[in-house]
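The values are calculated or read from the model by the stated rules, or taken from the named source; none is laboratory data. Computed from a predicted structure; not experimentally measured. FYI the Cβ positions are ideal-geometry reconstructions off the backbone, even for glycines, and counts take in every protein chain you see. Note: areas computed on protein heavy atoms with side chains; ligands, DNA, RNA excluded. Shrake-Rupley method; radii C 1.70, N 1.55, O 1.52, S 1.80 Å.
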Amino acid sequence: MEKRIAVLPGDGIGKEVIQGAIEILQAIGERYNHQFSFTYGEIGGSAVDSAGVPLPDETISLCKESDAILLGAVGGPKWETLPVHLRPEQGLLKIRKELNLFANLRPTAYFASLADSSPLRKEVIEGVDMLMVRELTGGIYFGKPSERREVEGKEVVVDTLYYERYEIERVIKQAFELAKTRSKRVTSVDKANVLESSRMWREVAIEISKDYPDVTLEHMLVDNAAMQLVRNPKQFDVVVTENMFGDILSDEASVLTGSLGMLPSASISENGPYLFEPIHGSAPDIAGKNIANPLATILSAAMMLRVSFGLQEEADAIEKAVNAVLDAGYRTGDLMSEGKTKVSTTEMVQQVKAALA
Ligand code: IPM
Ligand code: MG
């Protein structure tokens, strides 16, 4: 198989973890006889430095011409004081919008060997297997106006939570489709007791559920969902929610199974190409030290093989290798616990590569 992959390392640890994922993809290519080509593009703060904007046009065209996109992370203190349109995060939001990546899939599954790294007790997390489906191109992240104003001498600020009905429909439909392939339960998370947008969200969820008689729909208020995630995470299968609720809940879900450094994600659109990225950020505090956990990005590469290229066996091979390395006791700093072997980013990548062979 021949595939063109756009690689956007971004900032901070993005560059280090991306390098690891590419090495693993190259190893897979050799072993299974696929030709993966990697073309690099700039995004985030490094794009601001080199091109003056967080998402240069060349990066957008590169992505559109590719079969899939692998992204590291964006952001860092160096760019925090720039005007809003030059912030690294704007690059990420814009690429999501440009490619119409309306659904962000963030799976969280229990890794037996990481039980000790979880802040929760083993009984609570054993068997957790959930998929968060986060709306990614609408809601309060994109609604206009979003600005400061002076009204009658008072300083005021406004952000807008805006959704068109079809935007809610398509992401909820996606969640139901995914639930059909899993345990057939959808939890739709909203704040329908307060927000009008959530009342429409709930209405749409009920409507769509009628087309999926074999999938159970449950509604949950977002504050309760935040609590249930730590109280009894096993109750969840597919969770679907709007952009900002999903941002918050997916960080929470990620540490259930050990570390933010473990969680991959896929952002999908109607026609592709799809984008794959770890859910963690650029972690400027540990950047350049060769200590970041590359596994979320490596697992994102596995998701790319499975979701974009239909390469099930190859994706399984990567996931198995990651599990084997964890079982063997290798840990980056974020996962470290007593009696384990601490490794650097590059050592972790080498271990995964060795386990693939
Ligand atoms: C994420 C990140 C981004 C988001 C930031 C960096 C803009 O937190 O992908 O979850 O809020 O979507
Ligand atoms: Mg986030």
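Below, the figures for the structure above:
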quantity	calculated
Output for the range 282-302, where each listed residue is surrounded by 21 or more Cβ atoms within 10 Å (Cβ to Cβ) and within 15 Å of ligand 1 (Cβ to nearest atom)	Ser282, Ala283, Ala296, Thr297, Ser300
Extreme residue, surrounded by the fewest Cβ atoms within 10 Å (Cβ to Cβ), among residues of the range 138-170 that are out of contact with any Ser or Thr (no Cβ under 9 Å at 6 or more places or on another chain) and within 16 Å of Arg96 (Cβ to Cβ)	Arg170
Long-range neighbours under 7 Å by Cβ, at least six apart or interchain, first residue in contact (Cβ under 8 Å) with a residue 40 or more places away in the chain within the range 234-248, second within 9 Å of ligand 1 (Cβ to nearest atom) and open to solvent by 10 Å² or more (accessible area, probe 1.4 Å)	Asn243/Tyr141; Met244/Tyr141
Any helices (runs of 4 or more DSSP H) falling wholly within the range 191-276 and containing at least 1 residues that are within 25 Å of Val128 (Cβ to Cβ) and of a type in the set (Lys, Arg)	222-231
Breaking point among (1) out of contact with any helix residue (DSSP H, G or I) (no Cβ under 6 Å at 6 or more places or on another chain); (2) of a type outside the set (Ser, Thr, Tyr); (3) within 13 Å of Lys191 (Cα to Cα); (4) within 16 Å of ligand 1 (Cβ to nearest atom), for Val239	(3)
The range 89-110, residues that are within 12 Å of ligand 1 (Cβ to nearest atom) and among the charged types (D, E, K, R)	Glu89, Lys94, Arg96, Lys97, Arg106
Qualifying residue in the range 68-87 (condition: touching a His at 6+ places or on another chain (Cβ under 9 Å) and under 25 Å from Ile286 (Cβ atoms))	yes
Total residues in the range 1-42, condition surrounded by fewer than 17 Cβ atoms within 10 Å (Cβ to Cβ) and touching a Gly at 6+ places or on another chain (Cβ under 7 Å)	1
Matching residues in the range 258-290 - criterion: being within 12 Å of ligand 2 (Cβ to nearest atom) and among the β-branched types (Val, Ile, Thr)	Ile279
Residue tally, condition open to solvent by 10 Å² or more (accessible area, probe 1.4 Å) and either at pLDDT 90 or above or near ligand 2 (Cβ under 9 Å from one of its atoms) (or both), over the range 243-257	6
Within the range 303-336, considering residues that are assigned to a loop (DSSP other than H, G, I, E, B) and touching a helix residue (DSSP H, G or I) at 6+ places or on another chain (Cβ under 6 Å), the one least open to solvent (accessible area, probe 1.4 Å)	Thr332
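Matching residues to (1) modelled with pLDDT of 95 or more; (2) more than 21 Å from the chain's Cα centre (by Cα); (3) under 24 Å from Leu256 (Cα atoms):
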{"residue": "Ala301", "(1), (2), (3)": "yes, no, yes"}
{"residue": "Ser308", "(1), (2), (3)": "yes, no, no"}
{"residue": "Glu314", "(1), (2), (3)": "yes, no, no"}
{"residue": "Ala324", "(1), (2), (3)": "yes, yes, yes"}
{"residue": "Glu347", "(1), (2), (3)": "yes, yes, no"}
